[in-house]
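Take a look at the structure set out below.
The values are calculated or read from the model by the stated rules, or taken from the named source; none is laboratory data. Because the structure is predicted, anything quoted here is derived from the model rather than measured. Note that each Cβ is placed from the backbone with ideal geometry, even for glycine, and that neighbours are counted across all protein chains shown. We work out accessible area using only protein heavy atoms, side chains counted, and drop any ligands, DNA or RNA first. Shrake-Rupley method; radii C 1.70, N 1.55, O 1.52, S 1.80 Å.
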Amino acid sequence: DSVLDMVVTEYLYTHYPDAEGILTNLRSAIVNFRNLGRIARQLGLDSYLMMARGEVQNNGRAREVILANCIEAVIGAIYLDSGFRIAETFIRDKILVELPKIIAEGKDVSVKSKLQEMIQSELAVTPTYKVLAQDGPDHDKTFLVSVMVGERPIGFGKGASKQEAEFSAAKDALGGNTWRSFPLP
C-alpha cells in the first residue's frame with residue numbers, strides 16, 4: 001500500500017494544486033477498501049482467491065477488505081517485479097482513472113470528515129469515537145461504536161470493523177443532528 005499511497009498522493013498534489021483542503025478526502029475515497037475491492041472485482045481478481053468456507057459465505061465487508069488487500073498485493077508484486085514506473089502506470093490506469101467518477105458521485109467527502117468539520121465549526125471541539133462492544137470470532141467480528149462530543153454520545157454505529165462502525169456512527173450523528181442542541185462540553 002506504500003506504493004499506492006505514494007502514487008495517489010503525488011497525482012493528487014500535482015493535478016489538484018488548489019485543492020489543499022480536500023486532498024486527504026480525495027485520497028481516502030480512492031484508496032478505501034470499498035473502492036479498491038470494487039476495482040479488484042472488475043479486474044477479476046476475486047476468481048483467483050481461495051477462501052475459507054466462512055469467508056465465501058460472507059459476501060459483505062470482509063470480502064471487500066480481502067479484495068482491497070489483494071489489489072494492494074498485486075501492486076506490490078508489480079513494483080518488485082517491474083519497478084516503480086510500471087506500478088505507477090498500473091495505478092493510474094486502473095485506480096486513478098476512477099477519480100472523476102468518485103468526485104461526480106460525491107464520494108470524496110468522508111462522512112467522518114464532514115461531521116468533524118461541522119462540530120468543530122459550531123462547537124469548537126473535535127468528536128471522538130468509542131468502541132462500546134465487539135462480538136464474534138475474528139473472521140466475523142461486529143463492532144458497536146459511539147461518536148462522542150465530550151462525554152455525550154451523538155451517534156451510534158455497527159460494523160464489521162472499527163472503521164466501518166465509526167463511519168456508521170458519524171452517519172447516524174449527521175442524520176439526527178441532535179448534537180446541535182448540546183451545550184459546549
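Being under 12 Å from Val3 (Cβ atoms) and surrounded by fewer than 13 Cβ atoms within 10 Å (Cβ to Cβ) is the filter here; which residues of segment 82-98 pass it?
Selection gives Ser82, Gly83, Phe84, Arg85, Ile86.
Going through segment 31-47 one residue at a time, which ones are of a type outside the set (A, V, I, L, M) and either surrounded by fewer than 17 Cβ atoms within 10 Å (Cβ to Cβ) or in a helix (DSSP H, G or I) (or both)?
Of everything in segment 31-47, those that are of a type outside the set (A, V, I, L, M) and either surrounded by fewer than 17 Cβ atoms within 10 Å (Cβ to Cβ) or in a helix (DSSP H, G or I) (or both) turn out to be Phe33, Arg34, Asn35, Gly37, Arg38, Arg41, Gln42, Gly44, Asp46, Ser47.
I'd like to know if segment 14-24 contains one or more residues that are open to solvent by less than 30 Å² (accessible area, probe 1.4 Å) and at pLDDT below 90. Don't jump to the end; show me each part of the working.
First pass over segment 14-24, keeping only residues open to solvent by less than 30 Å² (accessible area, probe 1.4 Å): 19.
If we keep only those that are at pLDDT below 90 as well, we get 19.
Yes.
Hey, can you tell me all the residues within segment 100-119 that are open to solvent by 70 Å² or more (accessible area, probe 1.4 Å) and either assigned by the TED database to the domain that holds Gly175 or over 13 Å from Ala173 (Cβ atoms) (or both)?
Within segment 100-119, Pro100, Lys101, Ala104, Glu105, Lys107, Val109 meet the criteria.
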